[in-house]
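Visitor: The structure follows.
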Amino acid sequence: MNKQVFGTKEWASSNVNIQSGCPNDCRYCYAKSMAIRHKRKTRDNWKESEINADKVNKGFAKRKGTIMFPTTHDITMDNLLECITVLRSMLKAGNRVLVVTKPEQECILGRGCKLEEFRDQILFRFTIGAADDSVLRFWEPGAPSFSTRLAALEVARNSYGFATSVSCEPMLDNRIEDVIEAVLPDVSDAVWIGLPNMLNQRIAINCGDDETKERAKELMAGFTDERIKELYAKYADHPKIKWKESIKKIVGLDMPDQVGLDI
């Protein structure tokens, strides 16, 4: 019997990261909570990025399946040169890469990035958990605005011809339909919907303040089984909507039992 998978394993066979810390400083970040637990970082200095030069300069062989890059930090103007170096190294080896980011257009689509020659090997997946900038600023204080991410999606698809997708995991408010309807015209692959994972545990480590605890309580209270089933019913037959394991458990869908090897 195959082992059921969840999290990033639903999307890729392996992952690559090149730094510790991330200026987005997302309150729900699993990587931040793990770094704090293992005393590699603190709540205060997580947003100070530390690039691992050895990982940047490492060569890549062809891997089986899709590589997800990055998973524990974002691609920003501060690490753009290093990220493009690593991406080109993976792509030149013939790998297929799922690039996951809260995008700023110049970070991944600027003239200096020069990824168009690998267009057929790349799928962009832009993380957009809410259409309300006040919500995004609270949960992802260092990340780009909704309009910035939406513009990057449109340019990636329509100006550069890249394959595009969106991750609405975690959903950051109870109006995710606003995101879905806004992004669908520029999505060639899929929009993934998922609940926040281990939210209370992660914010207890990452933040610990009463405001975040109260906002998390309010957020999760809105995701009743009835609400999730309603959301699923609305988009169940849409060919571009896919559901993460947190949703599948509630609506009774079969859990995936293997990692998708193609993007």
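No lab work stands behind these numbers, since they all come straight from the coordinates. Values in this document were obtained by computation on a predicted structure and should not be read as measured data. Note that we place each Cβ from the backbone using ideal geometry, even for glycine, and neighbour counts take in every protein chain shown.
Visitor: Let me make sure I get this right: for the chain, a, b and c are the square roots of the gyration tensor eigenvalues over alpha carbons, sorted descending. Under 1.5 in a/c it's rounded, otherwise prolate if a/b > b/c, else oblate. Which is it? Before the final figure, lay out each step's value.
Guide: Details: a/c = 1.43, a/b = 1.17, b/c = 1.22.
The shape class here is rounded.
Visitor: Quick one: Karplus J couplings for the range 120-135, per residue in order, coefficients 6.51, -1.76, 1.60, θ = phi - 60°, nearest Hz, x for Gly and Pro?
Guide: 6, 9, 10, 10, 7, 10, 9, 7, 9, x, 6, 9, 8, 5, 5, 5
Visitor: For Lys64, list the aspartates and glutamates whose Cα falls under 20 Å from its own Cα; do not include residues on the same chain fewer than 8 positions away.
Guide: Partners within reach: Glu10, Asp120, Asp257, Asp262.
Visitor: Here is a follow-up. Tell me which trypsin sites (Lys or Arg not before Pro) from the range 98-165 have a DSSP coil assignment and no more than 11 other beta carbons within 10 Å of their own.
Guide: Numbers: sites: Arg111, Lys114, Arg119, Arg125, Arg137, Arg149, Arg157; in loops: Arg111, Lys114.
In loop regions of the range 98-165 (DSSP not H, G, I, E or B), the sparsely surrounded trypsin sites (Lys or Arg not before Pro) are Arg111, Lys114.
Visitor: Evaluate the distance, in nm, between pseudo-label points positioned 7 Å from the Cα of Glu116 and of Asp209 along their respective Cα→Cβ axes.
Guide: 4.4
Visitor: Can you sort Met171, Met77, Met34 from fewest to most other Cβ atoms within 10 Å of each residue's own Cβ?
Guide: Values: Met171 23, Met77 11, Met34 14.
Neighbour counts put them in this order, fewest first: Met77, Met34, Met171.
Visitor: Provide the FRET efficiency to the nearest 0.05 for the Leu184-Lys39 pair, computing r from the beta carbons and using R0 = 41 Å.
Guide: Numbers: r = 43 Å, r/R0 = 1.05.
In this case the efficiency is close to 0.45.
Visitor: In nm, to one decimal, how far is the modelled label at Met77 from the one at Ser159, with both set 7 Å along Cα→Cβ?
Guide: About 1.6 nm separates the two model spin labels.
Visitor: If you don't mind, another one. Using Cα pairs under 8 angstrom and six or more residues apart, how large is the relative contact order of the chain, in percent? Walk me through the numbers before you get to the answer.
Guide: Details: 469 pairs, mean separation 62.2, N = 263.
Dividing the mean separation by the residue count of the chain yields 24 percent.
Visitor: Also: Working out 0.36 nm times the residue gap between Lys55 and Thr148, then minus their Cα-Cα distance, what length gain in nm do you get to one decimal?
Guide: Values: separation 93, 0.36 × 93 = 33.48 nm, distance 2.92 nm.
Going from the current span to full extension adds 30.6 nm.
Visitor: Among Lys47/Lys102; Lys58/Lys92; Lys9/Lys41; Lys213/Lys234; Lys41/Lys213; Lys55/Lys240, which pairs are too far apart, with a Cα-Cα distance over 23 Å? Numbers along the way, then the final one.
Guide: Numbers: Lys47/Lys102 15 Å; Lys58/Lys92 13 Å; Lys9/Lys41 25 Å; Lys213/Lys234 30 Å; Lys41/Lys213 21 Å; Lys55/Lys240 34 Å.
In this structure, Lys9/Lys41; Lys213/Lys234; Lys55/Lys240 exceed 23 Å between Cα atoms.
Visitor: Please give the calculated 222 nm ellipticity per residue for the chain, where each DSSP H segment of at least 4 residues contributes -39500 (n - 2.57) and the sum is spread over every residue; nearest 500 deg cm²/dmol? Show your work: numbers first, answer last.
Guide: Values: 11 runs with 93 residues, N = 263.
Taken over the chain, the calculation gives -9500 deg cm²/dmol.
Visitor: Which distance in Å, rounded to a whole number, links the C-alpha centroids of the range 185-199 and the range 53-94?
Guide: 23
Visitor: For the range 7-251, give the share of DSSP beta bridges that are antiparallel, in percent and rounded to the nearest 5; count only bridges with both residues there.
Guide: So the antiparallel bridges in the range 7-251 amount to around 10 percent.
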